[in-house]
Amino acid sequence: MKILMMGPPGAGKGTIAEMLSENFGVVHLSSGDILRDAIKENNPLGMKAKAFMEKGVLVPDEIIIELMKEKLNTDKFVLDGFPRNLAQVKKLEEANIGIDIVLNLQVDEETIISRISGRRICEKCGKIYHLKNMPPKKNGICDVCGGKLYQRKDDKPQTIKERLNTYKRQTEELIKYYGEKGILKNIDAGGNKETTYAKITDLEWLKKRRYK
Ligand code: AP5
C-alpha cells in the first residue's frame, strides 16, 4: 500500500498520515520531519537544508533525495511532503517506487493560516496539536509522552506566506500530473480531522483494504 498525501502547507497531511499509519500499519514518511530530525542530529545534509526551510522555500533536490532514499525501502508507506516537484517525481520513478493513490487535501487559505499559526508539536514524540482545534489536556505538554510542545520556526506569518507561494509555484503542478495518471483523489479537508479521515476511508480503494 503506497499512499501519497498532497495539499498545501497546513492542510492536515501530517495529521491524516498519522491516522492512516496507526490504522493501516503503513509507515509515515514525512520529508519535513526527516529534515527536522537531520537538523537536530547536526547531520551535514540537515545543516545545509536549515536556511532554506527557515525561509519557507524548497531545499535543493539533491539534499532531500539523499535523505529520502534510505527511508523508502518499504512497500507499505504513506508519504507526506515528498515528492514536491517534477524532478523529485522523476527520481521516485527511476527508483521504481510506484504510488497507488494520491490523496489531495483541499483547504481554503484562511483555514490554512489559522491551522498553521495554532500548531504545536511535541519535541519528543512529534505528535501534532492545535491550540484551539486539538489542544493538549495540559497546556504545553504532550498527552502521549509528557514532552514539551514547541512551535516550528517556519510557522511564523511571513514564512507561512512564502511556503504558500512555493507550493503554488512548484508543487501544485503535481496535482495535474497525478490526475492525468488517474490515481488522484481530491478530498475536501476543511472539516475536523475525523470528518476528513472518514471521507478517505470511504474511498472504494481504501475500503477494499482492511482497517480498524
Ligand atoms: P513540511 O514539514 O512538509 O511542511 P508543509 O508541507 O508545509 O506541511 P505542514 O507540515 O506545515 O502541514 P500539514 O499539511 O502536515 O498539516 P498538519 O497535519 O501538521 O515541510 C517544511 C519545509 O521542509 C518546507 O518548507 C521545505 O523547506 C522543506 N521540505 C520538505 N519536504 C521537501 C521536499 N520534498 N523537497 C524540498 N524541500 C522540502 O496540520 C496543521 C495544523 O492544523 C496542526 O496544528 C493540526 O493540529 C491542525 N489540523 C490538522 N487537521 C485539522 C482539521 N481537520 N481540523 C482542524 N485542525 C486541523
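The values are calculated or read from the model by the stated rules, or taken from the named source; none is laboratory data. Just so you know, these numbers come straight off a predicted model, no measurement behind them. Neighbour counts run over all protein chains shown; Cβ positions are idealised from the backbone, glycine included. Remember, those area values only see protein heavy atoms, side chains included, never the ligands or the DNA or RNA. Shrake-Rupley method; radii C 1.70, N 1.55, O 1.52, S 1.80 Å.
Look at F82 and say whether it is among the aromatic types (F, W, Y) and near the ligand (Cβ under 9 Å from one of its atoms).
For F82, the condition - among the aromatic types (F, W, Y) and near the ligand (Cβ under 9 Å from one of its atoms) - is met.
Of the conditions (1) near the ligand (Cβ under 10 Å from one of its atoms); (2) open to solvent by less than 60 Å² (accessible area, probe 1.4 Å); (3) at pLDDT below 95, K55 satisfies every one except a single condition; which number is it?
All conditions pass for K55, except number (2).
Considering only residues that are assigned to a helix (DSSP H, G or I), at pLDDT 95 or above and away from the ligand (no atom under 11 Å from the Cβ), which ones fall in the range 22-44?
Scanning the range 22-44 gives a single hit, P44.
Mind listing just one residue for me: the one in the range 130-165 that is more than 10 Å from the ligand (Cβ to nearest atom) and assigned to a strand (DSSP E or B) and, of those, surrounded by the most Cβ atoms within 10 Å (Cβ to Cβ)?
Selected residue: L149.
Restricting attention to the range 65-78, which residues are within 12 Å of the ligand (Cβ to nearest atom) and open to solvent by less than 10 Å² (accessible area, probe 1.4 Å)?
M68, V78, listed by residue number.
Restricting the search to the range 1-36, which residues are open to solvent by 20 Å² or more (accessible area, probe 1.4 Å) and polar (S, T, N, Q)?
Passing the criteria: T15, S21, N23.
Mind telling me which of the residues K90, K124 ends up being on the phi < 0 side of the Ramachandran plot, assigned to a loop (DSSP other than H, G, I, E, B) and open to solvent by 80 Å² or more (accessible area, probe 1.4 Å)?
K124
For the range 37-45, indicate whether the set of residues that are touching a residue at least 40 places away in the same chain (Cβ under 8 Å), open to solvent by 40 Å² or more (accessible area, probe 1.4 Å) and of a type outside the set (V, I, T) is non-empty.
no
One line per residue, one yes/no per condition, for (1) open to solvent by less than 90 Å² (accessible area, probe 1.4 Å); (2) basic (K, R); (3) within 12 Å of I101 (Cβ to Cβ); (4) within 14 Å of the ligand (Cβ to nearest atom):
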{"site": "L174", "(1), (2), (3), (4)": "yes, no, no, yes"}
{"site": "Y178", "(1), (2), (3), (4)": "yes, no, yes, no"}
{"site": "G182", "(1), (2), (3), (4)": "yes, no, yes, no"}
{"site": "I187", "(1), (2), (3), (4)": "yes, no, yes, yes"}
{"site": "K193", "(1), (2), (3), (4)": "yes, yes, no, yes"}
{"site": "Y197", "(1), (2), (3), (4)": "yes, no, no, yes"}
{"site": "I200", "(1), (2), (3), (4)": "yes, no, yes, yes"}
{"site": "L203", "(1), (2), (3), (4)": "yes, no, yes, no"}
{"site": "L206", "(1), (2), (3), (4)": "yes, no, yes, no"}
